[in-house]
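Just below is one structure, and these are the notes that go with it.
Please treat every number below as a calculation from the coordinates, not as lab data. The shown structure was predicted, so the numbers you read here are calculated from the model rather than taken from an experiment. Using ideal geometry, Cβ is built from the backbone for each residue, glycine included, and neighbour counts are taken over all protein chains shown.
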Amino acid sequence: MKTKITELFGIEHPIIQGGMHHVGFAELAAAVSNAGGLGTITGLTQGTPEKLANEIARCKEMTDKPFAVNLTFLPSLTPPDYPGLIKEIIDAGVPVVETAGRNPAEYLPALKEAGIKVIHKCTSVRYSLKAQDIGCDAVSVDGFECGGHPGEDDIPNFILLPRAADELEIPFVASGGMADGRSLVGAMALGAEGMNMGTRFIATQDAPVHQNVKEAIVNASELDTRLVMRSLRNTERVLNNEAVERLMEKEKALGADLKFEDIIDEVAGVYPKIMHEGTMEAGAWSCGMVAGLVNDIPTVQDLIDGIMSQADEIINSRLKNF
Ligand SMILES: Cc1cc2nc3c(=O)[nH]c(=O)nc-3n(C[C@H](O)[C@H](O)[C@H](O)COP(=O)(O)O)c2cc1C
């Protein structure tokens, strides 16, 4: 399938794996790229420029196809060495960077000068237009359904995507709630040039996370996610568990007085325990409503092949017959 996104990134299928903390390692990124999509290494999980350079090198050993690095810009008391991370990305010749978190304008000139394509992930039409204005090549439009940080507007993709299509000139992919060929065709009918998936890619054989995480997604329904940290304007969609219920009790009790320190046990440093040790009650971890559509743990190759053949069947049989 050829779209503006496959052309822009030099990939076979318009399917992107979004950056995911403690999930987006070289193994997953390479598997997605080898299957014809665009895999993504999560820069901040590596933390230092040296470790990121090593992860990029590992990914290059596993694939000769294009892959991306995600750079998430978060408010932090001790910010990561973003210029150092970017230098490694440029030196290694990584062709695509997925930015997220906040406006990447400060770092865009260095990336663009190196010929890197930048896709900015954001949750509203106004941020998408800003990304277009500052020179991003594409946008990942992340609807309210998404796992991770859906922003504060709460606009689901059935509204957000056509709104983006009405306003944007640069190509965009649909992100949040995407799982299969139906999602891809639906997103494209609404104006997207492809789709970005997070949660669905975790429940694959290639995702280098504990089996408990994959099974938690398979066992979850679309009713099992919760929004936390709204009062901190850092809303996150997570899978419900004991730690999340505790966190929500604190939110209820403290209301507008809630501070990050009050919930530090439930949110800080929990990803390694969950993703690598499989201690599922260790804290709050991002998961999309799309868990309700995830019923198996295929290889990434089978997942992507299945998406493309289902999309083909929908376009060339189901829709044509109406
Ligand atoms: C476990 C997990 C961790 C994530 N970590 C990040 C991250 O570090 N940076 C980022 O930009 N997005 C992150 N995301 C968001 C995904 O890249 C993607 O935008 C989102 O999962 C799409 O929604 P979906 O889960 O419904 O497919 C994360 C998502 C999940 C599920």
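So that you can scan it fast, the table gives a plain yes or no per residue for (1) touching a strand residue (DSSP E or B) at 6+ places or on another chain (Cβ under 7 Å); (2) over 20 Å from His149 (Cβ atoms):
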{"residue": "Ile11", "(1), (2)": "yes, yes"}
{"residue": "Ile16", "(1), (2)": "yes, no"}
{"residue": "His21", "(1), (2)": "yes, no"}
{"residue": "Val32", "(1), (2)": "yes, yes"}
{"residue": "Gly47", "(1), (2)": "no, no"}
{"residue": "Arg58", "(1), (2)": "no, yes"}
{"residue": "Pro66", "(1), (2)": "yes, yes"}
{"residue": "Glu88", "(1), (2)": "no, yes"}
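For region 272-285, the criterion of being over 17 Å from Ala216 (Cβ atoms), surrounded by 15 or more Cβ atoms within 10 Å (Cβ to Cβ) and within 16 Å of the ligand (Cβ to nearest atom) is satisfied by no residue at all.
Any residue in region 186-194 that is closer than 21 Å to Asn295 by Cβ, surrounded by 17 or more Cβ atoms within 10 Å (Cβ to Cβ) and not polar (S, T, N, Q)? Scanning region 186-194 turns up at least one residue that is closer than 21 Å to Asn295 by Cβ, surrounded by 17 or more Cβ atoms within 10 Å (Cβ to Cβ) and not polar (S, T, N, Q). The one condition from (1) within 16 Å of the ligand (Cβ to nearest atom); (2) within 23 Å of Pro109 (Cβ to Cβ) that Pro49 does not meet is (1).
Okay, residues lined up against (1) away from the ligand (no atom under 16 Å from the Cβ); (2) in contact (Cβ under 8 Å) with a residue 24 or more places away in the chain; (3) over 23 Å from Gln46 (Cβ atoms):
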| residue | (1), (2), (3) |
| --- | --- |
| Thr235 | no, yes, yes |
| Leu258 | yes, yes, yes |
| Val267 | no, yes, no |
| Gly288 | no, yes, yes |
| Leu303 | no, yes, yes |
| Glu313 | yes, yes, yes |
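I want to confirm something. Restricting to region 163-182 and keeping residues that are closer than 23 Å to Ala29 by Cα and free of Cβ contacts under 8 Å to residues at least 60 places away in the same chain, which single residue is surrounded by the fewest Cβ atoms within 10 Å (Cβ to Cβ)? Applying the filter and picking the extreme gives Phe172.
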